[in-house]
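Student: Following this message is one structure expressed as structure tokens.
The values are calculated or read from the model by the stated rules, or taken from the named source; none is laboratory data. As the structure is a computational prediction, the values presented were derived from the model and not from experiment. Reconstructed Cβ throughout: ideal geometry from the backbone, glycine too, with neighbour counts over all protein chains shown.
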């Protein structure tokens, strides 16, 4: 979907740091906003940040190399959180003057991050989680969300704001939201990935494990709140606080993920995929699938075939 391309497409060349990347930088009180553009094919370009950084692909493609994980391809609408001082080696396989690779990087003031996380742990502690709120330094590459891209776009717009007092205040609010959204997204990814392992020690993992096992059934908030041993209002509120989406939204995401796996088999009809994924009518399935994936189930299946 390339949801950041409109916000950052008119960034001019400036601050040429090396022969590989052009860099534009805007300084805020609590972060440094960088836009990097690469206009020629290059391999094994070395880069590291002195602070924890959030990077977001805007245009093009990279291949990222870290010493402690397998190389991976990096595309628009994806994010990478880079711990401070962590060395990256980057390939730019498609960059050119006519089609530059463009990437956004926000380097956070680490004291600001620590204070924001501490405030959240004091005012809205997580349930069944001794470690509390924190940025996961292991789950660093994941798809962005509408909320995260919204915050990034607002920060980009603030970089052009002439009123520096209001710009600073609004940037701080936006950065706090961004940190919270990142932690919620990482928590949601961890919940889905580790639900079976954590089902006996975390009530939300127990709920997630149940959802996976009963995805094709009628899943209600009443039933899920009973599994979590919480009242219905408290369950809904706590779930939304920890993961940034409602239980129903997560169920729909899981159903679409399951449907995508079924669609890999060309012998599966769209109606079979619909009902086996837990949707009770085709129109609802098409609406939810297209909203999440940007295309219809049939178009997705044809894309896989091609």
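Student: Considering only region 37-59, I want to know if a residue exists there that is over 17 Å from residue 139 (Cβ atoms) and out of contact with any strand residue (DSSP E or B) (no Cβ under 8 Å at 6 or more places or on another chain).
Tutor: No; the residues of region 37-59 include none that is over 17 Å from residue 139 (Cβ atoms) and out of contact with any strand residue (DSSP E or B) (no Cβ under 8 Å at 6 or more places or on another chain).
Student: Inside region 208-225, can you point out the residues that are modelled with pLDDT of 95 or more, part of a loop (DSSP other than H, G, I, E, B), surrounded by fewer than 18 Cβ atoms within 10 Å (Cβ to Cβ) and touching a helix residue (DSSP H, G or I) at 6+ places or on another chain (Cβ under 8 Å)?
Tutor: 215 - this is the single residue of region 208-225 that is modelled with pLDDT of 95 or more, part of a loop (DSSP other than H, G, I, E, B), surrounded by fewer than 18 Cβ atoms within 10 Å (Cβ to Cβ) and touching a helix residue (DSSP H, G or I) at 6+ places or on another chain (Cβ under 8 Å).
Student: For region 71-85, check the following and say yes or no: at least one residue is within 14 Å of residue 45 (Cα to Cα) and surrounded by 20 or more Cβ atoms within 10 Å (Cβ to Cβ). Quick ask: steps written out before the conclusion?
Tutor: To start, the set of residues in region 71-85 that are within 14 Å of residue 45 (Cα to Cα) comprises 71.
When the remaining residues are screened for being surrounded by 20 or more Cβ atoms within 10 Å (Cβ to Cβ), the result is none.
For region 71-85, residues within 14 Å of residue 45 (Cα to Cα) and surrounded by 20 or more Cβ atoms within 10 Å (Cβ to Cβ): absent.
Student: Oh, and also: Within region 271-285, work out how many residues are over 15 Å from residue 211 (Cα atoms) and buried (at least 18 other Cβ atoms within 10 Å of the Cβ).
Tutor: So the answer is 3.
Student: How many residues are assigned to a loop (DSSP other than H, G, I, E, B) and surrounded by fewer than 12 Cβ atoms within 10 Å (Cβ to Cβ) if we restrict to region 126-145?
Tutor: Total satisfying the criteria: 3.
Student: Right, something else. Are any residues in region 231-242 within 21 Å of residue 132 (Cβ to Cβ) and either assigned by TED's automatic domain parsing to the domain that holds residue 181 or touching a helix residue (DSSP H, G or I) at 6+ places or on another chain (Cβ under 7 Å) (or both), and if so, which ones? If you could, list the steps in order and put the result at the bottom.
Tutor: First pass over region 231-242, keeping only residues within 21 Å of residue 132 (Cβ to Cβ): 234-235, 237-242.
Those that are within 21 Å of residue 132 (Cβ to Cβ) and either assigned by TED's automatic domain parsing to the domain that holds residue 181 or touching a helix residue (DSSP H, G or I) at 6+ places or on another chain (Cβ under 7 Å) (or both): 235, 239, 242.
Student: Just to verify a result, which residue in region 175-207, among those that are touching a residue at least 12 places away in the same chain (Cβ under 8 Å) and not in a helix (DSSP H, G or I), is surrounded by the fewest Cβ atoms within 10 Å (Cβ to Cβ)?
Tutor: That would be 201.
Student: Taking the criterion of being farther than 23 Å from residue 156 by Cα and at pLDDT below 95, would at least one residue in region 6-19 satisfy it?
Tutor: yes
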